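Data first, discussion second: the structure below is written as structure tokens.
The values are calculated or read from the model by the stated rules, or taken from the named source; none is laboratory data. Since we're looking at a predicted model, the values are computed, not measured. Cβ coordinates were reconstructed from backbone atoms using ideal geometry, including for glycine residues, and neighbour counts include every protein chain displayed.
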Amino acid sequence: MASVPALKPTNTLVHQLGQTVVEMTVAVGDLALFGAQVVRLILTGLPRRGVMTQTFYEIGVRSIPVVGVTGLFIGMVLAIQAYDQFHFLHMETKLGAAINASLVRELGPTLAAVMLAGRVGSAMAAELGTMRVTEQIDALKALGANPIQYLVVPRFLACFLLIPLLTAIADAIGILGGWMIGSQVLGIDSFYWWLHSKEFIAIYDVQCGLTKSFFFGGAIALVSCYQGFHCGAGAEGVGQASTRSFVWSFIAILVLDFFLGVFQSGLYYVLWPDPVSLF
Amino acid sequence: MSIDFSHFDLSAAAFGEPVIELRGVSRVFGTQTVLRDISLTVQRGETLAVIGESGCGKSVMLKIMMKMLEPSHGDVDWFGKALRQRSERDIHRDRLKFGYLFQSAALFDSMTVFENVAFGLRHNTGMSDSQITQIVHERLRDVGLPQSASDKKPAELSGGMKKRVGLARALALNPEIVLYDEPTTGLDPIMTDIINELILRTCERQPVTSIVVTHEMSTVRKVADRVVMLYPLSRLQPDEPQIVFVGTAAEAFSSSDPRVSQFVHGQARERLQELAAA
Ligand SMILES: Nc1ncnc2c1ncn2[C@@H]1O[C@H](COP(=O)(O)OP(=O)(O)OP(=O)(O)O)[C@@H](O)[C@H]1O
Ligand SMILES: [Mg+2]
């Protein structure tokens, strides 16, 4: 890790702010180098099949339940919350279109990623942190394995490839959840529910949402593995690494979401200059 | 790319060729200097014992030799070539010639004993499963572990058993150079002697070079060709060398330097007062 230049311990607010800025800059630079190393290793060769499948199973298959529950409740809550406004405007049948659009473009990818940052990211940081603290990462080196290749590459690939898939599952279950409440509880006509959804949601929306989740997945893996690798001593260090990995993954998700959103909207107006209106 | 194998020509590998060399190595953690200006050469085929009191930096020195820690200053050479001038791939290839027994055993806790010992073989050789199984069982037998232990997870083992699994794992790839960090700490006297014998047997398989960090004087007596004693920096003047003794085991036991003789004969004298005052 690059070293932070030691500032004089004068403890004014300005010094603290400066120190924080310097530390953050160094951390972001380190993270970028870490990411570059991971990408380089992916290109030079993957770890053994057994290592990969285990990680993919742990991260992908075992996350399906939490992701499903997340999606289901987002869909149902959206239906309940938005119904009154749509009812007031006498446009209940367009409720489905609004719910499904926000699910596919925004809430599905973001909330699924946050959920996975908690379930998968923290666990990875804690696991790698424990391995660092108990010298298992050194032992990997001593036995001729590259710890980044052996530990980070499978986790990165699993998050990068599977989080979009998990997001798709969350989207689908969320859409079903919204429809269930809309048609069964609120009594909205299913035919128009789906018809308006189909008119309003383009393939582009789905692509945008899933593209974002590739970025979210990569960010969660890099941030969490980085925190694990730079874990402080003892149980306390592991705990901190795990908490930090969640906080920083969350921040990374929000920041990426903003910039990707700006980019994708810009791209949309370039590709289709006449926007489709909901109302 | 041409690879220079001249270092490993066995006829040239007689006693005396440097295998690991530390040149003016220092290591600082935060504000604490642990190693200062250490220069040490390990010759091919020798067994070097490193002694010194707890916390004086023996494990740190061993890790620097293995390039698991970077020195803050100074250089490390392997087989006469500075690590600084080597590519990562070059270091990676030569690292497989080393076996390292961790003080804490550092077993992979998600894997069974068998998988721990097999790890280096699986990862670096194209051996078949049956060959690997055979070698692993042989290594486990060497360190006195029953076959029934091989399906256990490290968490289910006693401290001494973990140590022995760590040793089996370090020796699995038949390394040319073995670094043992306290191989017998936490073992009973009989097991200590078994491990001493194992180290000796491993050394006899020429040209194995061994570096043994130990507090066990029976191990020093039994296996060491040469003894190096490190001293904690906190109790040295800024100009005194940190290596306070280099010589044979017999010389260590008859040394007139009080720092050495107290240590090898296990006499505390007024050390407790000194430690408390420090
Ligand atoms: N990763 C680290 N970070 C900070 N300090 C460290 C680290 N590793 C070792 N030290 C410090 O270096 C000093 C020497 O540690 P080392 O483990 O080499 O001692 P040792 O000689 O092996 O002792 P023992 O015989 O008890 O194993 C200790 O004071 C320890 O606090
Ligand atoms: Mg030690």
Quick one: how many residues across segment B:52-98 are assigned to a loop (DSSP other than H, G, I, E, B) and either away from ligand 2 (no atom under 16 Å from the Cβ) or within 11 Å of another protein chain (Cβ to nearest Cβ) (or both)? 13
State the number of residues belonging to segment B:169-188 that are within 12 Å of another protein chain (Cβ to nearest Cβ) and either of a type in the set (Val, Ile, Thr) or touching a Cys at 6+ places or on another chain (Cβ under 8 Å) (or both). 2
Those helices (runs of 4 or more DSSP H) completely within segment A:142-261 that have 1 or more residues that are under 14 Å from the mean Cα position of the chain (by Cα) are A:153-179, A:203-229
Search segment B:34-63 for residues that are under 29 Å from B:Glu204 (Cβ atoms) and pair each with any residue that is hydroxyl-bearing (Ser, Thr, Tyr) and within 12 Å of ligand 1 (Cβ to nearest atom) when their beta-carbon atoms are under 8 Å apart and the residues are at least 6 apart or on different chains. B:Ala49/B:Thr214; B:Val50/B:Thr214; B:Ile51/B:Thr214; B:Gly52/B:Tyr231
Out of (1) surrounded by fewer than 16 Cβ atoms within 10 Å (Cβ to Cβ); (2) more than 16 Å from A:Met131 (Cα to Cα), the one A:Gly217 does not meet is (1)
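Within segment B:175-186, is there a residue that is among the small types (Gly, Ala, Ser) and either more than 16 Å from ligand 1 (Cβ to nearest atom) or in contact with an Asp or Glu (Cβ under 9 Å, 6 or more places away or on another chain) (or both)?
Here is the first cut: in segment B:175-186, the residues among the small types (Gly, Ala, Ser) are B:186.
Next, only the ones that are either more than 16 Å from ligand 1 (Cβ to nearest atom) or in contact with an Asp or Glu (Cβ under 9 Å, 6 or more places away or on another chain) (or both) stay: none.
Checking segment B:175-186: not a single residue is among the small types (Gly, Ala, Ser) and either more than 16 Å from ligand 1 (Cβ to nearest atom) or in contact with an Asp or Glu (Cβ under 9 Å, 6 or more places away or on another chain) (or both).
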Restricting the search to segment B:174-186, which residues are surrounded by fewer than 21 Cβ atoms within 10 Å (Cβ to Cβ) and more than 16 Å from ligand 2 (Cβ to nearest atom)? B:Asn174
Taking segment A:15-72 on its own, how many of its residues are over 30 Å from A:Ile173 (Cβ atoms), without any contact (Cβ under 8 Å) to a residue 40 or more places away in the chain and of a type in the set (D, E, K, R)? 4
What are the residues in segment B:99-127 that are more than 7 Å from every other protein chain (Cβ to nearest Cβ) and outside any loop (DSSP other than H, G, I, E, B), if any? B:Gly99, B:Leu101, B:Val113, B:Phe114, B:Glu115, B:Asn116, B:Val117, B:Ala118, B:Leu121, B:Arg122
Within segment A:93-140, restricting attention to residues that are basic (Lys, Arg) and within 27 Å of A:Leu151 (Cβ to Cβ), which residue is farthest from the other protein chains (Cβ to nearest Cβ)? A:Arg119
Only one of B:Glu156, B:Glu138, B:Glu204, B:Glu216 that is within 16 Å of ligand 2 (Cβ to nearest atom), out of contact with any strand residue (DSSP E or B) (no Cβ under 8 Å at 6 or more places or on another chain) and without any contact (Cβ under 8 Å) to a residue 60 or more places away in the chain: B:Glu216
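Within segment B:139-157, does at least one residue satisfy the condition of being more than 13 Å from chain A (Cβ to nearest Cβ), assigned to a helix (DSSP H, G or I) and within 16 Å of ligand 1 (Cβ to nearest atom)? Steps first, answer last, please.
Taking segment B:139-157 first, the residues more than 13 Å from chain A (Cβ to nearest Cβ) are B:139-153, B:156-157.
With assigned to a helix (DSSP H, G or I) added as a condition, the list becomes B:139-142, B:147-151, B:156.
Subsequent filtering for residues that are within 16 Å of ligand 1 (Cβ to nearest atom) retains none.
Looking for residues that are more than 13 Å from chain A (Cβ to nearest Cβ), assigned to a helix (DSSP H, G or I) and within 16 Å of ligand 1 (Cβ to nearest atom), one finds none in segment B:139-157, hence no.
Based on this model, can you work out whether B:Ala106 counts as within 16 Å of ligand 2 (Cβ to nearest atom) and buried (at least 19 other Cβ atoms within 10 Å of the Cβ)? I'd like the intermediate steps shown before the answer.
Working: within 16 Å of ligand 2 (Cβ to nearest atom): yes; buried (at least 19 other Cβ atoms within 10 Å of the Cβ): yes.
Yes: the conditions hold for B:Ala106.
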All but one of (1) buried (at least 21 other Cβ atoms within 10 Å of the Cβ); (2) within 16 Å of ligand 1 (Cβ to nearest atom); (3) of a type outside the set (Lys, Arg) hold for B:His215; which doesn't? (1)
Scan (1) surrounded by fewer than 21 Cβ atoms within 10 Å (Cβ to Cβ); (2) touching a residue at least 24 places away in the same chain (Cβ under 8 Å); (3) more than 16 Å from ligand 2 (Cβ to nearest atom) for the single condition B:Ser210 breaks and write down its number. (1)
Quick test of your reading of the structure: B:Arg27 fulfils all but one of (1) more than 16 Å from ligand 1 (Cβ to nearest atom); (2) at pLDDT 90 or above; (3) out of contact with any Asp or Glu (no Cβ under 6 Å at 6 or more places or on another chain). Name the failing condition by number. (1)
Residue match in segment B:34-50 (condition: β-branched (Val, Ile, Thr), away from ligand 2 (no atom under 16 Å from the Cβ) and in a loop (DSSP other than H, G, I, E, B)): no
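Kindly check whether there is at least one residue in segment A:156-175 that is within 14 Å of another protein chain (Cβ to nearest Cβ) and at negative phi.
Residues of segment A:156-175 that are within 14 Å of another protein chain (Cβ to nearest Cβ), as a first pass: none.
Looking through segment A:156-175, none of the residues is within 14 Å of another protein chain (Cβ to nearest Cβ) and at negative phi.
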